[in-house]
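Every number in this text was worked out from the coordinates using simple rules, so none of it is lab data. From a predicted model like this one, the values you see are computed outputs, not experimental measurements. Here the Cβ is made from the backbone with ideal geometry for all residues, glycine too, and neighbour counts use every protein chain on show.
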Amino acid sequence: MKKIASFQVDHTKFGIGMYISRVDGDVVTYDVRMVRPNGGAYISNPSLHTIEHLFATYARNSRFSESIIYVGPMGCRTGFYLLTRDDMSGNDAISLVRDAYRFIADFSGEIPGCTAVECGNYLEHDLESAKKDVLPLLEKLENYTPEMLDYNFKN
């Protein structure tokens, strides 16, 4: 079988940040990396699940809602995939993720979609860990530019 694009990226050469993984027609896939790949520390499943609910809810209710295709966790538990239409600029994608992660860091109350009717694993959430886990990427994105979305950018 042909090796898929995401397995052709050298995961030892990048860390926390946001990267364009691929472009397929009018769909842009961003890798939103919250921890260093193969760094030994990963996001716990309950935290990842909570971030997913809050990130997806925020993105789909933002001014970019029509450009959002998908928000979901990486199986390796290092971050998220964000798929958008190409009518959304790199600056806009960075702003969206930064704003969503601020929203998560400051969130209090009921986690959206967190009932047995709405979610297939509604008991596995951890808001406090989610709020802490978004902080390293949030800090990294403060001065992020579209040029930094390239895996090969040296900063």
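When Cys114, Cys76 are sorted by how many other C-beta atoms sit within 10 angstrom of their C-beta, beginning with the fewest, the order is Cys76, Cys114.
Net charge dipole, segment 15-140: roughly 360 debye, given to the nearest 20, about the Cα centre with Cβ charges of +1 for Lys and Arg and -1 for Asp and Glu. Subtracting the Cα-Cα distance of Glu124 and Arg85 from 0.36 nm times their residue separation leaves 11.0 nm of extension gain. I want to verify a result. In a Gaussian network model of the chain, Cα cutoff 10 Å, which of these has the top mean-square fluctuation: Leu48, Leu83, Leu135? For the chain, modelled as a Gaussian network with Cα springs under 10 Å, the answer is Leu135. The calculated FRET efficiency for Lys2 paired with Asn45, based on their beta-carbon distance and R0 = 25 Å, is about 0.25.
On a 0 to 90° scale, report how tilted helix 45-60 is relative to the longest principal axis of the chain, with both axes built from alpha carbons and the result rounded to the nearest 10. So the inclination is approximately 80 degrees.
Normalised by the number of residues in the chain, the average gap of Cα pairs under 8 Å and 6 or more apart makes the relative contact order 28 percent. Ranked for footprinting exposure by Cβ neighbours inside 10 Å, fewest first, Ser62, Ser47 give Ser62, Ser47. Would you check the chain for Lys pairs whose C-alpha atoms are within less than 18 Å, ignoring same-chain pairs closer than 8 in sequence, and give me the count? Going through the chain pair by pair, I get 5.
Can you tell me the orientation of helix 90-106 relative to the chain, as the angle in degrees between its alpha-carbon axis and the longest Cα principal axis, to the nearest 10? Tilt of helix 90-106: around 30 degrees.
Only one residue of Ser129, Val35, Thr12 has its Cα farthest out toward the positive end of the dipole of the chain, where Lys and Arg carry +1 and Asp and Glu -1 on Cβ, and that residue is Thr12. Listing Val35, Val23 from fewest to most neighbouring C-beta atoms within 10 Å gives Val23, Val35.
Once the convex hull of all Cα atoms in segment 1-75 is built, its volume per residue stands at 115 Å³.
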